[in-house]
Amino acid sequence: MSMQVRVDFNPHDAVPEVLCLIVPAPTGVVYENRCGGRACLQNSLEGYLVVVGRATPFVDFFAKFDGRPPQRWSADDLDHLQRLIREKVVYFVAEIEFESRVLLSLDFDRLDDLTEAWIPVRAGDQAAVLVFANSA
């Protein structure tokens, strides 16, 4: 039996721009996030949710689309997004005696899923998704 959890990034909170990573795993917990700008999609993924930073750079990136992220991404936009992911997101995984940083990168094999507040990434060898507050 799985439990559905709606990730509630309220843009009116004192610190609304929380950036999280949903890492797929058979946890029985399915995280749902409103995404897609004005399309107000409801994407979901089973796994665990990890806070990985502030979403400010990503919110600023998507603001230029005014709530209408493109269906086809330009090479410049993908390059910019890739740089943001690599430079602004910090994800650590606990090992037996220490923590190791896992580098994230845009998942170019899942660009059809890419939209505001739902960014498919690779966390090492594993597929994951960055989520934050949708603009609409």
Fill in: Filter result for Thr115 (out of contact with any strand residue (DSSP E or B) (no Cβ under 6 Å at 6 or more places or on another chain) and β-branched (Val, Ile, Thr))
no
Discussion item. Quick check on Arg101: is it of a type in the set (Lys, Arg), more than 16 Å from Leu49 (Cα to Cα) and in contact with a strand residue (DSSP E or B) (Cβ under 6 Å, 6 or more places away or on another chain)?
Written reply: yes
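Values quoted throughout were computed directly from the atomic coordinates according to the rules given, and no laboratory measurement underlies them. Quick caveat: nothing in here was measured; it's all calculated off a predicted structure. Note: ideal-geometry Cβ built from the backbone for every residue, glycine included; neighbour counts use all protein chains shown.
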